[in-house]
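Quick notes on the structure that follows.
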Amino acid sequence: MTSLNGKSLFKKLVTVAGIAGVSSLIAVPGFAELNRQTNGFNQSGDRVFDLADNATQDRTLPRSPATDPNNNNNPGGSPNSPNTPSNNNPGGSPNSPNTPSNNNPGGSPNSPAGGETSPNSLSSRDRTFVMQAGQMGMLEVELGRLAVQRGSSAGVKQYGQEMVEEHTRANQELMQLVMQKQVELPTEMSTQNTALMKRLSGLSGTSFDTAYKQAMIESHNQAIALFQAQSQQGQDPELKAWATQKLPNLQAHLQMVNQMLADTSKP
């Protein structure tokens, strides 16, 4: 094989296989022999062999993990830049402190927690007491007036007048207590109390006296139970103290009507 033919053959191989392909052919014994016989190759041919040798060394030498561009634990940054510390406060500055959580959603941080009442408002228990006490007081006054008008005995008339005076005073006291507590006393009697008033209005004489006494016993028993519960379990201190103060009066009224009923039953 002449030098010209060797050179031509080498150029054809380079054209077909490329530089990377030539590097794999160097290990073939026949090709190595051709290389030794073609000492007439020009510089460009020798340069191709040098490039082939360099490409082979690049593929065979192990890469350092620190310089391997494919081993980048910091994606999106330069290979030599340090890893950016993770940000546990997304949306804010990495150095800004985490915003404390709000355990009172929908309100200001200084507003009281849900369920608490302001100083000028009442709990549901206290409101119920006010409404029921107002209804009972209104009934006592109206039935007392009716007793003064339709009662047959002096004792019933006198008792009725006392109920008007004492429960009118108690109703006014209760109204003063709740004025600043965002509660209004009832202005009309309930359906049940209205029916009782209508029934007694149709009676007269001893029939009225008996029915009135029985109504007073039932009404005061209910009032005593209501005021005792408020005295023990009330949440508003003023209403609790007022209920405690009025409780002995209610008990005295019940004792008086029981005494009248006992006196009537005597022969």
Tally time: how many residues in the range 240-256 are of a type in the set (A, V, I, L, M, F, W, C) and either modelled with pLDDT under 95 or exposed (fewer than 15 other Cβ atoms within 10 Å of the Cβ) (or both)? 2
Can you report the number of residues in the range 162-218 which are hydrophobic (A, V, I, L, M, F, W, C), within 26 Å of residue 126 (Cβ to Cβ) and assigned to a loop (DSSP other than H, G, I, E, B)? 3
Which pairs turn up if I take residues in the range 127-148 that are buried (at least 23 other Cβ atoms within 10 Å of the Cβ) and in a helix (DSSP H, G or I) and look for partners that are basic (Lys, Arg) and modelled with pLDDT of 95 or more with beta carbon separation below 8 Å, at least 6 apart in sequence or on another chain? 147/157
Does any residue in the range 164-177 that is under 15 Å from residue 145 (Cα atoms) come within less than 6 Å, Cβ to Cβ, of a residue that is open to solvent by 100 Å² or more (accessible area, probe 1.4 Å) and in a helix (DSSP H, G or I) six or more places away or on a different chain, and which pairs are these? 164/145
So, in the range 217-231, how many residues would count as being without any contact (Cβ under 8 Å) to a residue 12 or more places away in the chain and of a type in the set (A, V, I, L, M, F, W, C)? 1
Hey, could you check the range 223-239 for residues that are surrounded by 14 or more Cβ atoms within 10 Å (Cβ to Cβ) and among the polar types (S, T, N, Q) and say which is farthest from residue 183 (Cα to Cα)? 228
Kindly evaluate residue 214 against the criterion of being surrounded by fewer than 16 Cβ atoms within 10 Å (Cβ to Cβ), of a type outside the set (Lys, Arg) and more than 18 Å from residue 170 (Cα to Cα). yes
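The values are calculated or read from the model by the stated rules, or taken from the named source; none is laboratory data. Quick caveat, the model's predicted, so the values are computed rather than measured. Quick reminder, even Gly has a Cβ in these numbers, built from the backbone with ideal geometry, and neighbours come from all protein chains shown. To get the accessible areas, we keep the full protein, side chains included, count just its heavy atoms, and leave off ligands, DNA and RNA. Shrake-Rupley method; radii C 1.70, N 1.55, O 1.52, S 1.80 Å.
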